[in-house]
Amino acid sequence: MPHSSFCIVRGPARTYVRRGPRSLLLRPCCYRLGEGDCFCSFDPNISVHTDNPDLTPCFQNTILAWIPSIYLWAVLPFYLLYLKHYKRGYIVLSMLSRFKTILGVLLWCVCWADLFFSFHELLQSRTPPPVYFVTPLIVGITMVLATVLIQYERLRGIQSSGVLIIFWFLSVLCAVGPFRSKIIAATAQGQIKDRFRFTTFFSYFALILIELILSCFKENPPFFSPVNSDPNPCPELNSGFLSKMTFWWFTRMAILGYKRPLEDKDLWSLNKDDTSSIIVQQLHKEWDKQKDEWKHAESPPLVVWEPKGPTKEVLIRDKRQHKEPSFLKALLRTFGPYFLIGSFYKLIQDLLSFVNPQLLSILIGFIKDKDAPSWWGFLIAALMFFSAVLQTIILHQHFQYCFVTGMRLRTGIIGMIYRKSLVITNSAKRSSTVGEIVNLMSVDAQRFMDLVTFLNMLWSAPLQICLALYFLWQTLGPSVLAGVAVMILLIPLNAAIAIKTRAFQVEQMRYKDSRIKLMNEILSGIKVLKLYAWEPSFQEKVLEIRKNELRVLKKAAYLNSLSIFAWISAPFLVALTTFAVYVSVDENNILDAEKAFVSLSLFNILRFPLNMLPQVISNLAQTSVSLKRIQQFLSHDELDPNCVETKVVTPGYAITVTNGTFSWAKELKPSLKDINLLVPSGSLVAVVGHVGCGKSSLVSALLGEMEKLEGHVAVKGSVAYVPQQAWIQNATLKDNILFGQQHNEQKYQNVLEACALKTDLEVLPGGDHTEIGEKGINLSGGQRQRVSIARAVFSDADVYLLDDPLSAVDSHVAKHIFDNVIGPEGALKGKTRMLVTHGITFLPQVDHIVVLVDGKISEMGSYQELLKQNGAFAEFLRNYAPDEDIEEDELTSTADEEVLLAEDTLSNHTDLADNEPVTNEVRKQFLRQISVISSEGECPKKMSTRRRVCEKKSAEPPQPQKILTDKLIQAETSETGTVKLTVFWQYMKAVGLVTSLVICFLYACQNAAAIGANVWLSDWTNEPVINGTQRNTSMRVGVYAALGLLQGLLVLISSFILAMGGINAARTLHAALLENKFHTPQSFFDTTPTGRIINRFSKDIYVIDEVIPHTILMFLGTFFTSVSTMLVIISSTPLFAVVIIPLAIIYFFVQRFYVATSRQLKRLESVSRSPIYSHFSETITGASVIRAYGRENSFVCLSDLKVDENQKSYFPSIVSNRWLGVRIELIGNFVVLFAALFAVLGKNSLNAGLVGLSVSYALQVTMSLNWMVRMTSDLESNIVAVERVKEYSETETEAPWIIEDTRPPEDWPTQGEVEFVDYSVRYRKGMDLVLKDLSLRVKGGEKIGIVGRTGAGKSSMTLCLFRILEAVKGEIKIDGVRISEIGLHDLRSKITIIPQDPVLFSGTLKMNLDPFNKYSEDEIWKALELSHLKRFVSSKPNTLEYECSEGGENLSVGQRQLVCLARALLRKTRILVLDEATAAIDLETDDLIQMTIRTQFEDCTVLTIAHRLNTIMDYTRVLVLDKGTIAEFDTPSSLIASRGVFYGMAKDAGLA
């Protein structure tokens, strides 16, 4: 066996290893595996120092042949683990799979044929070397493994195997060398020596090549995989390995998006793992675990609430503050594992990024060595390209994992917050307003997404820094320490900037929160602001907050420009100090091209981690704030589901309360005390009492909405709840009634009948499929309330809690509903009903009456019993119930009544149905028109309705262009196509044109300085070395320093100016938007959901404030860098210009494809985002109703659906970035390849300095090219915000507030005389006239009652006085002054209205009465006294400074109404308009108000839209309107005498 094999020996003689194989000397060698120390493997003479390189046979047969096998066996255990968890069903055996398997078996045969041939040789006593046994054995076993893997993967449902593709690729790669040398050897010798092995090798090579090609194709989708009914599944799941790596599967969408703007239907559905249902469930499970652990860790002694000692409880709370359940842990456990895969990719990418600087150093060496064989250069260029491509692919895989984790995080957090908001207590809800919770969802969840992307930098940055320093040390030695010192000095600077920025951000968030909250209220109450002419005061408030917000932004911008200065200058300063120290330490230290440019490219690698690290840390800090906010919200107290017992109830009773004490929050004093209540099953109980005595609180307590401080509550069975203010969803009318129940036609029709909704359906444009707007806007108050009752009746519950539902409907309808639904003979008979009511007419028919006084039950019993007791109740009744009235009511037979009702209701609406080509449309516009004030008379003979308004916005007439559709609110449009240049132009104008030009100029200068510095460096490195030293180094260092610092300074100035410009633009744009919104006519707010306007003020303004300036800065930076790179490369290797053109064309196309698609995806994403938040705020307002009906789950599903819809457009937009990145970086990699190639080709004419300069620039270009496209796209997507804000700043405005030339005198109107002259008006163009040729004159001081049926134009008439509606023809004069000629504020501030729905703003009570601080405290107290609020206000600790919550939620509806009365008393103008403002008030308060008005406004002109006829019977005259014209106008007595329309009404009301 010894010495029988042949092998090439390392020869000292380089003579016979020069040209080709002919001169190779073959001689026996000591080649034994593992024996002796002569293991011949690699010979540099043959393989490197030659023009025709080759590898030694033993190297080919051992190391090269084993590489693929080593790889496969190393990966195997991990891969098997992965396959074990991968379940997608198996794939049916296909032709592809059969071929691959057959080839695998053939490969194994080929390898073992070699092995058996070696045994055959042994038997022939020709002893082959051991390698001939070992290699075929190893390779053969590996081939068996690969073949088995092919089948195993098929069974696990893997469609395309990355592991095997890499394996076949390595095999082919490692076989190329032997392939070449075998051919060279055969041609050199003229004959083939070892025929058998020669044949097997070529068969092997052919087979692995075919395997590689086959493995690139993907298998069919797995069989038995869960049935995918998806119309449009995401292609990622079924795409092949290569397609996944390069994101090729996205191309289809990119092309589609380029051809036409993408739409919803083009989006792929989400992968199952990305859907809300799965993610939130996992996260919830982990969070529950955390809460359980925390509970076990801390179980403090329980403290029962004692009226006198809540202090103990506070102590416990403080103790608990220290350690809370950690939401962070829950997030880590849920999303950590997936994220770690991304981290693994990042690690590989970090290591690869150091390959190119080393190759650069070899390349520069190659250029210097004029004798080096040229294939070296080509190999280096190829390796550079290959390493760059590999880096690109791996980096984008890492990003994909990070972004998907971020997306899942957001889904999870939104889902958790939504679920939590359904169960938090009222006190918790008070501590965070809707606006703040929505912010948690939008802003804080977004923070998490942003952080996750770069979270890996926390470990990757230090790793990169260490590696870079190691290589730098090798290049420059200890001088590097000088550079390191500079870096270390910069870290605290960056950290300080980061900390400060974070502080500013928190402060700014605070301002932003309060600004949005205020805007939300302003938009909800905009009508009231207009009627009172209060806009300036509120505009002032918003601008004040905005001023502070911008002040903070400005400070942050100063800091930001500093940090950018640090970012640009850091690498330069480090390089400068290092080079300066290096050349000055020792004269013999020569700065040559290799050292300078390799160091520079290492410094450039350093730049990213050095700057990202502080940024990530500051991001981390911000996110920790968000985390705290979210965790705090998720840790809020939840409503105790068991505080109301539902299973065990005292037999015979449906509701029992014993010793109940309830408050709205643990720390507030109880609102209900010592409640003892037994309600027998099936009985009807009425709850009565004054305003604010706790009637609604009692209902809430039974629903479990209040804190039960002591006592026991039980409610048997399911509950239906009708709140005092009807809560209507933005859905069809039918969905609102069904509310998730199974549809049952018969039952449904009965319910509609009972609730008197049939007639309304006939006139709604889409019947019961009419879409109801946000907060039930296109229904009148009465209709809303009836829908709310219908929902309750349909739910068929056991217990009905009705919180004063009848006060919002007309008395006639109220009677119908009482008889047909609530009363003893109604649809609910036999059910337990608890009715809170102000109407005394129904009390005789109820089983029990509960009288509440100040949160205690003062008396209980039946009607007769209470009358006998002669207590408070009897007193109350005597005052308000004329006996004959009651008797008469009981006499009317129900049958007659129904007929009457039906006829009346129909006749009532005929005026709308006749002579109308487009009945529906007009009917719909009449339905609620703009007036909040229109009455709801379902019966013309009855007085117009009592209506409590539950929404803050008035009705919503549809947009005129959509005739005959039932969509009320227009879907938000998203612009399509390219962003118009005008938008950029508008933004530039907002920034300032001069400023814009200056910025661009400064950027150009800054890049010129940077190029100058590097060209100077390249020149320096080429300076000849004389006696081992370079001359005038100090001059070199000086100029280099000057150029570099100049660049830094220019950066500082330009970013500074840009920031200032950005803030100016933000100020101008917001001010214009705000100004316009305050001047916009009311009709706009009626057709536009608040959410949409708020979106402009929050999201879009945020983009203009913070995102756009930053994007522009990045864009300019990358644009100029890319341009300067190309210039440098072209100037050093002019040939490069040839390549630049095709590359630029490809670049341009990729960029256009990407920008078109990505921009549209972003638009779709932002449009699908609003519904999440509007649905969310709708849920919060209706939480108690949702809980009462037990519909939490379906609402959660709905929210999940909306989030998924949003993520459906977000996911492709992430992928589009990856898709772009891979392609653009490929172009960048080609730039590197060609820069290196042309340097190799022009080797003889180039000096090392120039090559170093051009290639080190090329290495940087990838990044800037990529960011440039990304920034172009970001800029295009974000500039849309300017477009949207602009759009809403240019909507049409109402007349000017003040017209200087025609201002009326200060004391106008002195008489209060109102005259209508031929007055006609319509709501909007293209609609019918609401008032037709109205002429009438009201003398000063007259009291006029206005009556008429729905749609008669009563409310329109009052709106015209305030010019909320403008005249079509004719005019109104007040004291002879034409109101159309004076400013709106001059007019509105001189007339006072008490509107129908009382609107309060959050702020002090004083601010709500007198926002302009016009009146003294005494005057305010006087007004409060007259409006019967003095007792209430003075009982509060901070009296006038009492804080009203959002919408005045902490006052009862009656108290809010009294506040509006107080406003009117304060203003005390000559004309008072009263709009049936008595709906929400009990009779007593009502009388007080009427009395106050009669005494206080004795000499004023009062116009009342009458609600109960008895209030206007003593008025001077009564105006009866019909279809927009005057039917009758005379004193009440003469009208009754003339037996006309009015007489009929009075008769119905029992007044005639």
Could you check region 1360-1405 and list, in sequence order, the residues that are basic (K, R) and surrounded by fewer than 18 Cβ atoms within 10 Å (Cβ to Cβ)? K1369, K1373, R1378
Would you mind finding the one in L668, L678 that is out of contact with any strand residue (DSSP E or B) (no Cβ under 7 Å at 6 or more places or on another chain), in contact (Cβ under 8 Å) with a residue 24 or more places away in the chain, open to solvent by 60 Å² or more (accessible area, probe 1.4 Å) and not in a helix (DSSP H, G or I)? L668
When (1) over 38 Å from the mean Cα position of the chain (by Cα); (2) at pLDDT 85 or above are applied to F794, the one that fails is (1)
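Using the structure shown, decide if T1469 is in contact with a strand residue (DSSP E or B) (Cβ under 6 Å, 6 or more places away or on another chain) and either of a type in the set (K, R) or open to solvent by 10 Å² or more (accessible area, probe 1.4 Å) (or both). Break it down into steps so the answer makes sense when it comes.
Details: in contact with a strand residue (DSSP E or B) (Cβ under 6 Å, 6 or more places away or on another chain): yes; either of a type in the set (K, R) or open to solvent by 10 Å² or more (accessible area, probe 1.4 Å) (or both): yes.
When the stated conditions are applied, T1469 passes them.
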Residue that is modelled with the highest pLDDT, among those in region 971-998 that are among the β-branched types (V, I, T) and surrounded by fewer than 16 Cβ atoms within 10 Å (Cβ to Cβ): V994
Out of R791, R786, report the one residue that is of a type outside the set (F, W, Y), closer than 24 Å to P1395 by Cβ and open to solvent by less than 10 Å² (accessible area, probe 1.4 Å). R786
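Which of the residues spanning region 794-805 are in a helix (DSSP H, G or I) and open to solvent by 10 Å² or more (accessible area, probe 1.4 Å)? Show your work before the answer.
Start the filter on region 794-805 by keeping residues that are in a helix (DSSP H, G or I), which leaves 794-795, 805.
The answer is S795, and nothing else.
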What are the residues in region 335-370 that are more than 30 Å from K595 (Cβ to Cβ), open to solvent by 20 Å² or more (accessible area, probe 1.4 Å) and either at pLDDT below 90 or touching a Lys or Arg at 6+ places or on another chain (Cβ under 8 Å) (or both), if any? Y338
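This table checks each residue for (1) part of a helix (DSSP H, G or I); (2) in contact with a helix residue (DSSP H, G or I) (Cβ under 6 Å, 6 or more places away or on another chain).
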| residue | (1), (2) |
| --- | --- |
| I1279 | yes, yes |
| E1287 | yes, no |
| P1305 | no, no |
| Q1311 | no, no |
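Given the residues I1186, I1108, I1146, which is the only one that is under 30 Å from M1060 (Cβ atoms), in a helix (DSSP H, G or I) and either open to solvent by 50 Å² or more (accessible area, probe 1.4 Å) or at pLDDT 90 or above (or both)? Quick ask: steps written out before the conclusion?
On the way: I1186 fails: under 30 Å from M1060 (Cβ atoms); I1146 fails: under 30 Å from M1060 (Cβ atoms).
It is I1108.
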For residues in region 650-676 being of a type in the set (A, V, I, L, M) and touching a Ser or Thr at 6+ places or on another chain (Cβ under 6 Å), which is modelled with the lowest pLDDT? A665
For region 387-502, which fully contained helices (runs of 4 or more DSSP H) count at least 2 residues that are modelled with pLDDT of 90 or more and open to solvent by 40 Å² or more (accessible area, probe 1.4 Å)? 457-476
With the structure loaded, tell me whether I279 is open to solvent by 30 Å² or more (accessible area, probe 1.4 Å), aliphatic (A, V, I, L, M) and either more than 28 Å from D1200 (Cα to Cα) or at pLDDT 90 or above (or both) or whether it fails that test. no
Within region 161-179, the residues that are loosely packed, with under 14 Cβ neighbours inside 10 Å and modelled with pLDDT under 90 are none
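Quick check, is A1004 open to solvent by 20 Å² or more (accessible area, probe 1.4 Å) and without any contact (Cβ under 8 Å) to a residue 40 or more places away in the chain?
Details: open to solvent by 20 Å² or more (accessible area, probe 1.4 Å): yes; without any contact (Cβ under 8 Å) to a residue 40 or more places away in the chain: no.
So A1004 does not fit the description; no.
In region 1433-1455, how many are outside any loop (DSSP other than H, G, I, E, B) and either open to solvent by 50 Å² or more (accessible area, probe 1.4 Å) or at pLDDT below 85 (or both)?
Step one: list which residues in region 1433-1455 are outside any loop (DSSP other than H, G, I, E, B), which gives 1433-1435, 1439-1441, 1443-1444, 1446-1448, 1453-1455.
Next, from what is left, pick out any that are either open to solvent by 50 Å² or more (accessible area, probe 1.4 Å) or at pLDDT below 85 (or both): 1434-1435, 1439-1441, 1443-1444, 1446-1448, 1453-1455.
Number of matching residues: 13.
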The strands (runs of 3 or more DSSP E) lying wholly within region 815-881 that contain at least 2 residues that are among the charged types (D, E, K, R) and buried (at least 17 other Cβ atoms within 10 Å of the Cβ) are none
Only one of S1402, S1416, S1452 is closer than 20 Å to C693 by Cβ and of a type in the set (S, T, Y), namely S1452
For region 1143-1163, pairs from a residue that is farther than 22 Å from Q1207 by Cβ to a residue that is open to solvent by 50 Å² or more (accessible area, probe 1.4 Å), with Cβ under 8 Å and 6 or more apart or across chains, are L1143/F1230; R1152/Y258; F1153/I255; F1153/Y258
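The rows are residues; the columns are (1) in a helix (DSSP H, G or I); (2) touching a helix residue (DSSP H, G or I) at 6+ places or on another chain (Cβ under 6 Å); (3) open to solvent by 40 Å² or more (accessible area, probe 1.4 Å); (4) within 30 Å of N1014 (Cβ to Cβ).
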residue: M1035; (1), (2), (3), (4): yes, no, yes, yes
residue: Q1047; (1), (2), (3), (4): yes, yes, no, yes
residue: L1050; (1), (2), (3), (4): yes, yes, no, yes
residue: S1054; (1), (2), (3), (4): yes, yes, no, yes
residue: L1058; (1), (2), (3), (4): yes, yes, no, yes
residue: G1061; (1), (2), (3), (4): yes, yes, no, yes
residue: H1070; (1), (2), (3), (4): yes, yes, no, no
residue: L1073; (1), (2), (3), (4): yes, yes, no, no
residue: N1076; (1), (2), (3), (4): yes, yes, no, no
Residue list for region 601-611, filter: touching a residue at least 60 places away in the same chain (Cβ under 8 Å), in contact with a Phe, Trp or Tyr (Cβ under 8 Å, 6 or more places away or on another chain) and open to solvent by 20 Å² or more (accessible area, probe 1.4 Å): I605
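The values are calculated or read from the model by the stated rules, or taken from the named source; none is laboratory data. Note that the structure is a prediction, hence the values are computed from the model and not measured. Here Cβ is always computed from backbone atoms with ideal geometry, including for glycine, and neighbour counts include all displayed protein chains. Just so you know, the surface numbers come from the protein's heavy atoms only, side chains and all, with ligands and any DNA or RNA stripped out. Shrake-Rupley method; radii C 1.70, N 1.55, O 1.52, S 1.80 Å.
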